[in-house]
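Only one structure is covered here, and it is reproduced in the block below.
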Amino acid sequence: MTTSPLDDLADQTQQLLSNIAALATIDDLRENEAAITGRRSVLSTLQKSLGVLAPEDRKDAGARLQEARRVVEGALEDRRQELRALARVEVLAHDRLDLGDVVVSAVQWPASVGHPNLVAITQRELEDVFVAMGFTVAEGPEVESDWYNFEALNIPPAHPARGMWDTFYVDLGEPETVVLRTHTSPTQIHLMEAAVAENALPIHSVMPGRCYRRDTPDPRHLATFHQIEGLVIDRGIAFADLAGVIETFTRAYFGPDIESRLRPGYFPFTEPSAEFEVTCTICRGEGCRTCSHTGWIELGGCGVVDPAVLAAVGIDSDEWSGFAFGFGIDRCAQMRHEIADMRALIENDVRFLEQFS
Ligand code: PHE
């Protein structure tokens, strides 16, 4: 019987498989990998020796060798996964903080689990009021392009009205092209664009969210604050519809003893525009530091959507009209809960926060 280089292949394969099973760590595996399947491994040496076989035997021997390699490489990969998983378990066990004693001794039960901040609670309450009135709730991004925050809202570059919003710019792209939104009004634009694209007018939505202005915090202002925007686009909408919604909202949210009023105002994206004010709850209208001795607190602005804004998003203003409003969520919380200084909302004093759960 002639001998072939592959006579011991079965034993050699078994040997390799038990070597693989004996690898104890992932480092171990890395060190031995070359000897098991690499260029100087038994398998590679056998591969080279096939040349001594008669051509008619070579094909069969090659196939057997290939099969052996497949088995060995598969086993090596499986072992690699096992050892990796083991290493992960070890790291986790090693990094685990043993808090056993601390948990038992230091925490008073029942432990306090915290609750949403008053601003979050207020946002939810406002959403509820508007949802009950038939509005849907939408959200938009806090970082906006100049186009959404200003231009599409009928505030072209260098327009003097830009001074109404002290703006934080984001260091992205061309200077002063990306902003932290100064109000929630850009979300109106996103909503109208989407409605046009999906042929889904009318719109009856409110859009709550965080806004930013380069303002110095004082009893009525924060540099990071929250607004809720409202937008109705439908057929035959007029200023009277806006006034009705504002009045209904004020009664539903503040109760019967708080009055609201609309004063003529100016916003580039609404015409006519108004400022929306409520009785100062700190002094009940007498005048105090919080309301700058006027007896009224400005909650926000509103008005009939300017046809130029509808044109910017491709809505036909012969068919559609609408109104918009936007007011401060933090201000609402302040007036509803008679908080003299709004900065309390962000100071994280638990004695303050705990009162609103
Ligand atoms: N975006 C305006 C502001 O923050 C408020 C507003 C919203 C005015 C909608 C009119 C219509 O100053």
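Each of 54, 203, 119 was scored by the projection of its Cα onto the charge dipole of the chain, and the greatest displacement toward the positive side belongs to 54; charges sit on the C-beta of Lys, Arg, Asp and Glu. Counting only DSSP beta bridges with both residues in the chain, the antiparallel share comes to about 95 percent. Look at the dipole of segment 9-101 built from charges on Cβ: of 15, 97, 68, the Cα furthest out on the positive end belongs to 68. Simple spin-label estimate for residue 194 and residue 174 gives 2.8 nm between the two label positions (7 Å along the Cα-to-Cβ direction from each Cα).
Sorted fewest first by neighbouring Cβ atoms within 10 angstrom, 232, 350 come out as 350, 232. Near residue 205, once Lys and Arg are set to +1 and Asp and Glu to -1 for all other residues with Cβ below 12 Å from its Cβ, the sum equals -4. Put a plus charge on the Cβ of each Lys and Arg, a minus charge on the Cβ of each Asp and Glu, and nothing anywhere else: the dipole of the chain about its Cα centre is then about 640 debye. With both labels modelled 7 Å from their Cα along Cα-to-Cβ, the residue 18 to residue 235 distance reads 8.8 nm.
Evaluate Rg over Rh across segment 245-301, taking Cα atoms for both radii and Kirkwood's formula for Rh.
1.01
Here, segment 222-357 has an Rg and a Dmax of 16.9, 55 Å when only alpha carbons are counted. Considering only 148, 305, 160, the residue lying farthest towards the positive end of the dipole of the chain is 148, judged by Cα position with unit charges set on Cβ. Once the Cα atoms are used to define both axes, helix 118-132 deviates from the longest principal axis of the chain by about 70 degrees. Note on residue 96 and residue 318: the extension gain reaches 73.2 nm, defined as 0.36 nm multiplied by sequence separation minus the Cα-Cα distance.
How long are the semi-axes of the ellipsoid equivalent to segment 1-158, from square roots of 5 times the Cα gyration tensor eigenvalues, in whole Å, largest first?
Taking √(5λ) for each Cα gyration eigenvalue gives 67, 31, 15 Å.
With no solvent and one equal point scatterer placed on each C-alpha of segment 84-215, evaluate the Debye formula and give log10 I(q)/I(0) for q = 0.12, 0.16 Å⁻¹, two decimals. The Debye formula, applied to the Cα set alone, gives -0.71, -0.89.
Spin-label pair residue 66-residue 25: with each label point 7 Å from Cα along the Cα-Cβ axis, the two points sit 3.9 nm from one another. Using the Cβ-Cβ distance between residue 261 and residue 341 with R0 set to 22 Å, the FRET efficiency works out to roughly 0.35. Note on residue 210/residue 85: beta-carbon distance plugged into 1/(1 + (r/R0)^6) with R0 of 51 Å gives a FRET efficiency of 0.75. Measuring between their Cα centroids, segment 197-272 and segment 273-339 lie 5 Å from each other. Over all pairs of distinct alpha carbons, what does the Kirkwood formula give as the hydrodynamic radius of the chain, in Å? Computed over Cα pairs of the chain, the Kirkwood hydrodynamic radius comes out at 26.4 Å.
Charging the Cβ of each Asp and Glu at -1 and of each Lys and Arg at +1, and nothing else, the dipole of segment 175-216 about its Cα centre rounds to 220 debye.
Values quoted throughout were computed directly from the atomic coordinates according to the rules given, and no laboratory measurement underlies them. Because the structure is predicted, anything quoted here is derived from the model rather than measured. Using ideal geometry, Cβ is built from the backbone for each residue, glycine included, and neighbour counts are taken over all protein chains shown.
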